[in-house]
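These notes are about the structure you will find just below.
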Amino acid sequence: MGQIYTAECHECNRIYNFDVGISRLYGSDKLLDLNSDFNLLKLFKEKNRKEELRQILERGKCELLDGYGHKIVICDRCKCMYSRFLFTLKEGDNEFSPKYLCHNCRRKLRELTDHEILNDIFQCQYCKNSIKFHKSGEWN
């Protein structure tokens, strides 16, 4: 089950909606199965590392660590926010996690905590006005 976070910019009327969490459809067995419609490759947005992820999944000796799901990530430099599917695979002593970069300035993105989402003041990415998120619903 997931949460929907919404913020409205009162200056330019832009609305931000982010789904955070995990659907019941995303069981670890489906995410690790290349034949599933809900596998990690379909959720992974790093084009240059897709082949590396495919090879890990094909070997079939990895474990999906807890805490995976849709998250809000932010660039600490330019303050752009995105929704990304975050996860960590463990294969022996090695771990594989997404290393998403900001589309605007190419810096590494950082996951926002629920506390930050609900308590911090953010910038509208279009007009730079202050915006504040609130929980606006739930999703399955």
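The values are calculated or read from the model by the stated rules, or taken from the named source; none is laboratory data. Predicted model only: the values in this text are computed from it and were never measured. Because the Cβ atoms are built from the backbone with ideal geometry, glycine has one as well, and the counts that use them run over all protein chains shown. Note: accessible area is taken over every heavy atom of the protein model, side chains too, but ligands, DNA and RNA are not part of it. Shrake-Rupley method; radii C 1.70, N 1.55, O 1.52, S 1.80 Å.
Cross-link candidates for K132: which lysines have Cα within less than 16 Å, leaving aside residues fewer than 8 places away along the same chain?
K79
Rounded to whole Å, give me the distance from the Cα center of the range 109-140 to that of the range 8-34.
13 Å
Probe of 1.4 angstrom, ligands and nucleic acids ignored: what's the accessible area per residue over the chain, in square angstrom?
Working: 8490 Å² over 140 residues.
Here the residues of the chain average 61 Å² of exposed surface.
Report the residue, chosen from R84, R59, R110, that carries the largest GNM mean-square fluctuation when the chain is represented by alpha-carbon nodes joined by springs under 10 Å.
Largest GNM mean-square fluctuation: R59.
So, with a 1.4 angstrom probe, what is the percent of accessible area on the range 19-140 that is carbon and sulfur?
Answer for the range 19-140: carbon and sulfur cover 43 percent of the accessible area.
E138: net charge of surrounding residues, Cβ under 13 Å, Lys/Arg +1, Asp/Glu -1, itself excluded?
Overall, the nearby charge balance is +1.
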